[in-house]
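S.K.: Quick one: the structure is below, questions incoming.
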Amino acid sequence: MAQPVFKRVLLKLSGEALMGDDAYGINRETVNAIVLQVKEIVDMGVQVGIVIGGGNIFRGIAPAAEGMDRATADYMGMLATVMNAMALQDAMKHAGVAARVQSALNIEAVAEPYIRGKAIRYLEEGKVVIFGAGTGNPFFTTDTAAALRGVEIDAEIVLKATKVDGIYTADPKKDPSATRYDNVSFDEAINKNLKVMDATAFTLCRDQKMPIAVFSIFKQGALKSIILGENEGTRVEA
Ligand SMILES: Nc1ncnc2c1ncn2[C@@H]1O[C@H](COP(=O)(O)OP(=O)(O)OP(=O)(O)O)[C@@H](O)[C@H]1O
Ligand SMILES: O=c1ccn([C@@H]2O[C@H](COP(=O)(O)O)[C@@H](O)[C@H]2O)c(=O)[nH]1
């Protein structure tokens with residue numbers, strides 16, 4: 001049987017991917033389908049940390065955030081990611097996957113605080129750790145949180161699960177003539193402003209020699225393919 005090529009990974013899940021076909025919010029069926037893909041790699045013995053985005057909830061409250069102080073809106077965005085983390089943990093529990101939520105913002109009544117050593121211990125025990133509230137700081141994104149937590153937990157790769165199947169020469173949703181890269185260097189991704197991830201996230205991964213794989217969470221089996229070392233999506237490396 002094929003063996004995983006990674007022992008520990010950091011999976012970044014787009015918040016917007018949780019909406020399914022809804023306008024915003026959390027679509028339970030979509031979450032369950034994502035959880036099954038994660039379960040597949042957990043059952044192979046891969047240790048999985050997850051950073052979850054907040055776009056699905058934040059989009060719904062965006063009109064209220066208009067004109068608001070940027071830091072306040074960002075804290076709201078971070079709280080949205082905690083809701084997603086809780087929904088994901090609940091869906092994992094129902095699928096028989098042990099998961100813990102750790103929050104970068106202190107909200108101890110709903111989630112334990114982010115403690116690096118404890119997160120690593122959970123991973124070693126085979127539990128999925130879901131990191132909520134991004135980095136805990138405004139003016140950042142959950143992509144940067146994924147790069148940061150990935151480096152902190154000593155993951156071998158950051159897996160960016162999104163709505164498109166890799167990195168393109170331009171946003172494929174806006175430019176149908178855009179073509180997909182199989183491989184791209186950090187410098188090219190940053191210099192060409194390939195917006196699938198923000199420059200802070202790319203730069204941190206580049207400096208810490210942390211490879212990134214970008215793939216579609218809606219493509220059945222894509223996550224497992226990457227774990228088995230097969231060609232899938234786009235790989236960003238030095
Ligand atoms: N060069 C590019 N290649 C691929 N996708 C791109 C590119 N430029 C922009 N995009 C867009 O970036 C989006 C990926 O961002 P995604 O929504 O997954 O991230 P996010 O902002 O981290 O998540 P969230 O939904 O939680 O806010 C894709 O849906 C795609 O339309
Ligand atoms: O470290 C962080 C992470 C996130 N935010 C805020 O949350 C929203 C949602 O995150 P996405 O990465 O867009 O999914 C983001 O727009 C920020 O407003 C943050 O401030 N700090």
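S.K.: In the stretch 28-52, which residues are over 30 Å from Q3 (Cβ atoms) and either within 13 Å of ligand 1 (Cβ to nearest atom) or of a type in the set (K, R) (or both)?
M.R.: Within the stretch 28-52, just R28 meets the criteria.
S.K.: Please work out which residue is nearest to E124 (Cα to Cα), limiting yourself to the stretch 18-54 and to residues that are buried (at least 23 other Cβ atoms within 10 Å of the Cβ) and of a type in the set (G, A, S).
M.R.: Among them, the one singled out is G49.
S.K.: Do we have G166 as under 23 Å from L18 (Cα atoms) and away from ligand 2 (no atom under 15 Å from the Cβ) here?
M.R.: So G166 fits the description; yes.
S.K.: Sort out which residues of the stretch 113-135 are surrounded by fewer than 18 Cβ atoms within 10 Å (Cβ to Cβ), in a loop (DSSP other than H, G, I, E, B) and of a type in the set (G, A, S), and write them in order of number.
M.R.: Matches in the stretch 113-135: G126 only.
S.K.: Return the only residue of R235, R180 being surrounded by fewer than 16 Cβ atoms within 10 Å (Cβ to Cβ) and farther than 27 Å from R70 by Cβ.
M.R.: Just one listed residue meets the conditions, R180.
S.K.: Within the stretch 137-151, track down each residue that is within 8 Å of ligand 2 (Cβ to nearest atom), buried (at least 18 other Cβ atoms within 10 Å of the Cβ) and either outside any loop (DSSP other than H, G, I, E, B) or at positive phi (or both).
M.R.: T142, D143, T144, A145, listed by residue number.
S.K.: Could you list all residues from the stretch 176-185 that are within 9 Å of ligand 1 (Cβ to nearest atom) and either in a loop (DSSP other than H, G, I, E, B) or of a type in the set (F, W, Y) (or both)? Explain how you work it out, then say what you get.
M.R.: Within the stretch 176-185, the first condition is being within 9 Å of ligand 1 (Cβ to nearest atom), and the residues that meet it are 178, 180-181.
Selection gives A178, Y181.
S.K.: Related question: Scan the stretch 187-238 residue by residue and report those that are closer than 15 Å to K12 by Cα and small (G, A, S).
M.R.: A201, A213, S216, A222, G233
S.K.: Assess whether A71 counts as being closer than 26 Å to R116 by Cα, surrounded by fewer than 16 Cβ atoms within 10 Å (Cβ to Cβ) and within 14 Å of ligand 2 (Cβ to nearest atom).
M.R.: Taking the combined requirement at face value, the residue satisfies it.
S.K.: Now for a different question. Within the stretch 162-172, does at least one residue satisfy the condition of being assigned to a loop (DSSP other than H, G, I, E, B), within 12 Å of ligand 1 (Cβ to nearest atom), of a type outside the set (A, V, I, L, M) and farther than 24 Å from G55 by Cα?
M.R.: no
S.K.: State all residues of the stretch 79-112 that are more than 16 Å from ligand 1 (Cβ to nearest atom), β-branched (V, I, T), within 20 Å of G25 (Cβ to Cβ) and not in a strand (DSSP E or B); if no residue qualifies, say none.
M.R.: If we filter the stretch 79-112 for residues that are more than 16 Å from ligand 1 (Cβ to nearest atom), which is where we start, we get 89-103, 105-112.
From the residues that got through so far, the ones that are β-branched (V, I, T) too are 97, 101, 107, 110.
Next, only the ones that are within 20 Å of G25 (Cβ to Cβ) stay: 101, 110.
Of everything in the stretch 79-112, just one residue is more than 16 Å from ligand 1 (Cβ to nearest atom), β-branched (V, I, T), within 20 Å of G25 (Cβ to Cβ) and not in a strand (DSSP E or B), namely V110.
One line per residue, one yes/no per condition, for (1) among the basic types (K, R); (2) within 20 Å of T142 (Cα to Cα):
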| residue | (1), (2) |
| --- | --- |
| V5 | no, no |
| V31 | no, yes |
| V48 | no, yes |
| I57 | no, yes |
| L79 | no, yes |
| K93 | yes, no |
| A99 | no, yes |
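S.K.: Let me ask another. Any residue in the stretch 110-118 that is within 15 Å of ligand 2 (Cβ to nearest atom) and among the β-branched types (V, I, T)?
M.R.: No, the stretch 110-118 has no match at all.
S.K.: Additional query: If you scan the stretch 186-202, which residues turn out to be exposed (fewer than 15 other Cβ atoms within 10 Å of the Cβ) and either part of a strand (DSSP E or B) or within 15 Å of ligand 2 (Cβ to nearest atom) (or both)?
M.R.: Scanning the stretch 186-202 gives a single hit, K195.
Quick note: the coordinates plus some simple rules give every number you see, no bench work behind them. Here the structure is a predicted model, which means the values were calculated and not measured. Methodologically, a virtual Cβ is constructed for each residue, glycine included, from the backbone with ideal geometry; neighbour enumeration extends over all protein chains shown.
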